[in-house]
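Down below is the structure, laid out as structure tokens.
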Amino acid sequence: MKHIITKLFGFSLVVAAAASCDLFKIDNYDYPDTSIKGSIFDKDTRELVGTDVINGTTLSVIEVGNKVDVPMYFRVKNDGTYEFATFFSGKYRIQPMDRNFYQIDEREITLKKGDNVVDFEVVPYIRVKEAKIELNGTIVTGTFKLECPEGDSVKEIGIFESKDASVGSTIYDSKEVISVERLPGNDEVFTVVYDCASYKPFVKKNQSYFFRVGALSSFQGAKYNYAPAVRINVGSLTPAQ
């Protein structure tokens, strides 16, 4: 029995020594040496096309030359910009997915060492124009005009409230949504009214919240289009006189 234990002990030392050698091997793999950032612009107005952070616009990125085309997916920020810091230089195919604008062709890009800027020019499903969000007493009123560049009708409009600056149709504490189901008239002004007093579990006096207005196209699979979010301190929540 003594000899068996000694042999096992000796074998353990050999395994441990081998493992310790692996621990001290030099990691000679390349590190990511490039980054990519950019914006998604309305091709006609040059305004950023804001989106939802959750279930909003994503970018599909595929490295050219891999044996298997495995896409990587990256979220676009709610203001319509993006930034990804850990890439390897080389060629990639890139295309926006799950978007709130009409599909554009996949692009092949070459990322060089350092910072790279890749912008996209698109046509949004709906343009939310001349938006205003104002507080009067307990009432937050959103007014705006809508433009449908390709003639698809407006399915619904809404105003969304949250403590989170990424407020939208997928991040909100409360909301008011109105069905439209038609094309907007020329210079028609849409109005959505949100009564803070009706949402006291979510909206408390003298606190600040983000409000964002948007519209959803009837185009199949469309996502909400937005005006920028506005931060409002709701004050004492006293009804207007």
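Screening the candidates Glu121, Glu134, Glu176 for the property of being surrounded by fewer than 21 Cβ atoms within 10 Å (Cβ to Cβ), more than 24 Å from Thr81 (Cβ to Cβ) and under 22 Å from the mean Cα position of the chain (by Cα) yields one hit, Glu176. Do we have any residue at all in the stretch 188-196 that's on the phi > 0 side of the Ramachandran plot and at pLDDT 95 or above? No: the stretch 188-196 contains no residue that is on the phi > 0 side of the Ramachandran plot and at pLDDT 95 or above. Could you tell me whether Ser153 is surrounded by 18 or more Cβ atoms within 10 Å (Cβ to Cβ) and modelled with pLDDT of 95 or more? Criteria not met by Ser153. Exactly one residue out of Thr170, Thr141 is polar (S, T, N, Q), open to solvent by less than 60 Å² (accessible area, probe 1.4 Å) and assigned to a loop (DSSP other than H, G, I, E, B), and it is Thr170.
When we screen Leu146, Leu111 for residues that are buried (at least 20 other Cβ atoms within 10 Å of the Cβ), touching a residue at least 60 places away in the same chain (Cβ under 8 Å) and under 22 Å from the mean Cα position of the chain (by Cα), the only hit is Leu146. For the stretch 94-108, which positions are open to solvent by 50 Å² or more (accessible area, probe 1.4 Å) and among the hydrophobic types (A, V, I, L, M, F, W, C)? Listed by number, the list holds a single entry, Met97. Of the residues that make up the stretch 213-233, is at least one in contact with a Leu (Cβ under 7 Å, 6 or more places away or on another chain), part of a strand (DSSP E or B) and touching a residue at least 24 places away in the same chain (Cβ under 8 Å)? Taking every residue of the stretch 213-233 in turn, at least one turns out to be in contact with a Leu (Cβ under 7 Å, 6 or more places away or on another chain), part of a strand (DSSP E or B) and touching a residue at least 24 places away in the same chain (Cβ under 8 Å).
Picking from residues in the stretch 43-76 that are farther than 27 Å from Tyr125 by Cα and either of a type outside the set (Asp, Glu) or at pLDDT 95 or above (or both), the one that is least open to solvent (accessible area, probe 1.4 Å) is Val64.
With the requirement that a residue be of a type outside the set (Phe, Trp, Tyr), in a loop (DSSP other than H, G, I, E, B) and open to solvent by 20 Å² or more (accessible area, probe 1.4 Å), what does the stretch 197-212 give you? Result: Lys200, Pro201, Lys204, Lys205, Asn206, Gln207.
Can Asp79 be described as modelled with pLDDT under 95 and open to solvent by 40 Å² or more (accessible area, probe 1.4 Å)? Answer is no for this residue.
Within the stretch 159-194, the residues that satisfy the criterion of being of a type in the set (Asp, Glu) and either more than 16 Å from Lys132 (Cα to Cα) or without any contact (Cβ under 8 Å) to a residue 24 or more places away in the chain (or both) are Asp164, Asp173, Glu176, Glu181. When we screen Phe74, Phe41 for residues that are under 28 Å from Pro228 (Cβ atoms) and either of a type in the set (A, V, I, L, M) or without any contact (Cβ under 8 Å) to a residue 24 or more places away in the chain (or both), the only hit is Phe74. Taking every residue in the stretch 50-71 that is on the phi > 0 side of the Ramachandran plot and pairing it with any residue that is open to solvent by 20 Å² or more (accessible area, probe 1.4 Å), at least 6 positions away or on another chain, the pairs with Cβ-Cβ distances below 8 Å are Asn55/Asp98; Asn55/Thr170; Asn55/Lys223; Gly65/Gly90; Gly65/Lys91.
The values are calculated or read from the model by the stated rules, or taken from the named source; none is laboratory data. This structure is a prediction, so every number in the text was calculated from the model and none was measured. Neighbour counts are summed over all protein chains in view; Cβ atoms, including those assigned to glycine, are modelled from backbone coordinates with ideal geometry. SASA here: full protein model, heavy atoms, side chains in, ligands and nucleic acids out. Shrake-Rupley method; radii C 1.70, N 1.55, O 1.52, S 1.80 Å.
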